[in-house]
């Protein structure tokens, strides 16, 4: 079976752009303006988070998805905390808002379909 590299790369790029925007919006909602990072900093953070996600996907098989999720959440929040130089509460808030926005976007077509019928 051939891997559709074009479709995979387009999907990966789209996800990367969406996650970058989600993190940028999340920091805008939580942080005071002097703590906010620019878009290039957010892109760098998204790259690091993507590499972490890829690494965890290689280390943990699909059957151990909960371990992968737990590690990603803990390390991701610690990275966000360090990146934005904030306390744990704000780091968790940025992570939680980012996760909520990502889930909302993922299920948006289904939500619209339900509301439309």
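Derivation of every value follows stated rules applied to the coordinates shown; laboratory data play no part. This one's a predicted model, so the numbers in the text were calculated from it and none came from an experiment. Positions of Cβ are backbone-derived with ideal geometry, glycine not excepted, and every protein chain shown enters the neighbour counts.
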*asked:* I'd like to compare 31-40, 16-25, 65-74, 96-105: which one has the highest average count of other Cβ atoms within 10 Å, and what's the full order after that?
replied: 16-25, 96-105, 65-74, 31-40
*Once both labels are modelled 7 Å past Cα along the beta-carbon direction, what's the residue 79-residue 47 spacing in nm?*
1.3
*What Kirkwood hydrodynamic radius, in Å, does the chain give when the mean of 1/r is taken over all pairs of distinct Cα atoms and then inverted?*
15.6
*Relative contact order of the chain: what whole-number percent is it, with Cα pairs under 8 angstrom and at least 6 residues apart?*
28
*Taking R0 as 22 Å, what's the FRET efficiency between residue 62 and residue 104 from their Cβ-Cβ distance, rounded to 0.05?*
0.35
